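Okay, structure first, notes after.
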């Protein structure tokens, strides 16, 4: 997130960095920082466990980061896994799972 922000936004304030997600979340809850930039599923988890301060997920950046599954090179499972993921996406199962397990994360405002 930090690299994307530094390369794509015109910053008007200094960006704070913290060693862990927990420390960053504590800084957000205490008012030390105003915004925390973090992966959506992690943000949802922080929101769900925040009992003392009400937090909101306000949007997302499209960073074109890619995630993958590790498997042995050349394995015939790759085609099966790719097909299964595509089918889950096409049938709306992935979006339904995101809505169920990460409530409040769809749809989000996209910041440009």
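The values are calculated or read from the model by the stated rules, or taken from the named source; none is laboratory data. Keep in mind that what you see is a predicted model, and the values were worked out from it rather than measured. Every residue, glycine as well, gets a Cβ built from its backbone with ideal geometry; the counts of neighbours run over all protein chains shown.
Quick check, is residue 106 touching a residue at least 12 places away in the same chain (Cβ under 8 Å) and within 16 Å of the chain's Cα centre (by Cα)?
When the stated conditions are applied, residue 106 does not pass them.
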(request) Inspect region 8-21 for any residue being modelled with pLDDT of 85 or more, within 15 Å of the chain's Cα centre (by Cα) and surrounded by 12 or more Cβ atoms within 10 Å (Cβ to Cβ) and give the result as yes or no. (result) yes
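Condition check ((1) at pLDDT below 90; (2) within 17 Å of the chain's Cα centre (by Cα); (3) surrounded by 10 or more Cβ atoms within 10 Å (Cβ to Cβ)) across all residues:
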position	(1), (2), (3)
33	no, no, yes
60	yes, yes, yes
63	yes, yes, yes
79	no, no, no
98	yes, yes, yes
102	yes, yes, yes
112	yes, yes, no
(request) Answer with yes or no whether residue 24 is touching a helix residue (DSSP H, G or I) at 6+ places or on another chain (Cβ under 7 Å), surrounded by 10 or more Cβ atoms within 10 Å (Cβ to Cβ) and either in contact (Cβ under 8 Å) with a residue 12 or more places away in the chain or closer than 26 Å to residue 106 by Cβ (or both). (result) no
(message) Just to check your reading of the model, which residue among 55, 69 is in a loop (DSSP other than H, G, I, E, B) and closer than 17 Å to residue 21 by Cβ?
(response) 55
(request) Please identify the pairs in which a residue from region 29-48 that is on the phi < 0 side of the Ramachandran plot and part of a loop (DSSP other than H, G, I, E, B) has its Cβ atom under 7 Å from the Cβ atom of a residue that is surrounded by 16 or more Cβ atoms within 10 Å (Cβ to Cβ) and at pLDDT 85 or above, counting only partners at least 6 apart or on another chain. (result) 36/24; 36/25; 36/28
